[in-house]
Amino acid sequence: MTNLPFDLPTLIGAMCMVSFSAGAALLLASHLHLPVKGLRYWGAGYLVTGLGLALTLLRGVIDPAVAIVGGNTLVAAGYLLVWLGARRLAERPVRLWMAPPPLIVAAVGMLAFLGDGGTAMRVAVMSLLTVVLTLLSAWEFARLARRRSLVGTLLAGLFAAHALFYAARAGIALGAAWEPAVYPLGFLGVPTFIEGFVWMIVTGFGLIVLTSEVLQAELTRQATRDPLTDLFNRRAFTEAAEREMVRARRHGRMPAFLLLDLDHFKRLNDTHGHDAGDRLLRAFALTAATDLRRCDVLARVGGEEFVLMLPETDDAGAVRAAERIRLGTELLAVATAAGDVAATVSVGVAVADAARDDALDEVLRRADRALYAAKAAGRNRIVVAPGPTP
């Protein structure tokens, strides 16, 4: 079989096309105002990388200093922008001081070894810089993986593998700088651009898929969360509670339910305006969510009404949780034009009964009756519902 030689200019040109295409797709997604942090950085990063590769194609046509220094600095800027985009997606700050160091290293490193005898050192400098920037990106994507992001996990692995390849490339280049006969540098060109071509396609596609994953997560959040307090909404709570009831019946350890209603909330709204009411709702949500277990589910199910499910909790445990919330609410104060307004909450508590195969609706009805009893008794108190009647 005849071996077909790889043509480096063709490979570099193909990488330019892939880089420009991925950059354009990511910038288009950003232009559509998709709520994905980092899109602009990634799109700009791929476009800048494409420009840097295009400059390398012009070597021999334009001033070598422009092709080598400019091209490599632009490629470094591309890696930098991808890292900064990953930081934005991970909701970590992007600081102005982060940009100059890698660009200065790339530009100065290329200028310092600009002559023909400096090729190995130029390769080493860019390879080591690529390792650093790629590992930083891999770290940010790994942070997404902790949020159960499959694509984040795959991207972290791809960036880490890319860094490993360039670490080996840097080692060979440094060896070639000292012992050219032992470490020939010429064979690195084709593997470098083949690896870069494949990596650019896979990661560009991966970033687009990651955008889809983030959008799906955002749509799920909007469908299951209350927009004011960011707690679960009624639908999400009901689904979680039904699943817990099925699990609890199987194991015989039933959950408790707390219905919580802010006292005199309508009067606060009517007297001090809806802004004051919204601030109280957000403050109460934070107070009620304090010290909850991972398995507990808190939701806003009405204007000023909240519900809390406590898996595997008896009457005494439910009352302790309710009292903690009640006392915390007493410490809240809503600032208004007329001065601070205090808040209190009434709580109805009901525990599901496995022996009587309690249904969710029935438990919540008992908690609701207990809540009304707490209101009737003067508010700012806790009432525990009796067990279901046989």
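The values are calculated or read from the model by the stated rules, or taken from the named source; none is laboratory data. Just so we're clear, the structure is a prediction, and the values are computed from it rather than from any experiment. Neighbour counts are summed over all protein chains in view; Cβ atoms, including those assigned to glycine, are modelled from backbone coordinates with ideal geometry.
Observations on the structure shown:
- When Phe237, Phe193, Phe197 are checked against the criterion of being part of a helix (DSSP H, G or I), farther than 30 Å from Leu8 by Cα and in contact (Cβ under 8 Å) with a residue 60 or more places away in the chain, a single residue qualifies: Phe237.
- Complete set of residues in segment 95-129 that are among the basic types (Lys, Arg) and either part of a loop (DSSP other than H, G, I, E, B) or outside the structural domain of Gly78 (by TED's automatic domain parsing) (or both): Arg95
- Which numbered condition Tyr79 misses (of (1) crowded, with 22+ Cβ neighbours inside 10 Å; (2) among the hydroxyl-bearing types (Ser, Thr, Tyr); (3) over 25 Å from the mean Cα position of the chain (by Cα)): (3)
- Filter result for Ala374 (assigned by TED's automatic domain parsing to the domain that holds Met254 and assigned to a strand (DSSP E or B)): no
- Residues in segment 305-342 that are charged (D, E, K, R) and either in a strand (DSSP E or B) or within 30 Å of the chain's Cα centre (by Cα) (or both): Glu305, Asp340.
- Enumeration of residues in segment 153-184 that are modelled with pLDDT under 90, surrounded by 14 or more Cβ atoms within 10 Å (Cβ to Cβ) and touching a helix residue (DSSP H, G or I) at 6+ places or on another chain (Cβ under 7 Å): Ile172, Ala173, Leu174, Ala176, Ala177, Tyr183
- Candidates Gly273, Gly206: the one that is modelled with pLDDT of 90 or more and more than 23 Å from Tyr372 (Cβ to Cβ) is Gly206.
- Checked against (1) in contact (Cβ under 8 Å) with a residue 24 or more places away in the chain; (2) touching a helix residue (DSSP H, G or I) at 6+ places or on another chain (Cβ under 7 Å), Asn269 passes all but a single condition, namely (1).
- Considering (1) of a type in the set (D, E, K, R); (2) surrounded by 13 or more Cβ atoms within 10 Å (Cβ to Cβ); (3) outside any helix (DSSP H, G or I); (4) on the phi < 0 side of the Ramachandran plot, the lone condition that Asp230 does not fulfil carries the number (4).
- Neighbours by Cβ (under 6 Å, 6+ apart or cross-chain): first from segment 273-301, closer than 16 Å to Phe237 by Cβ; second among the charged types (D, E, K, R): Arg300/Asp226; Val301/Arg234
- Inspection of segment 174-190 finds a residue satisfying the criterion of being touching a Phe, Trp or Tyr at 6+ places or on another chain (Cβ under 8 Å), part of a helix (DSSP H, G or I) and free of Cβ contacts under 8 Å to residues at least 12 places away in the same chain.
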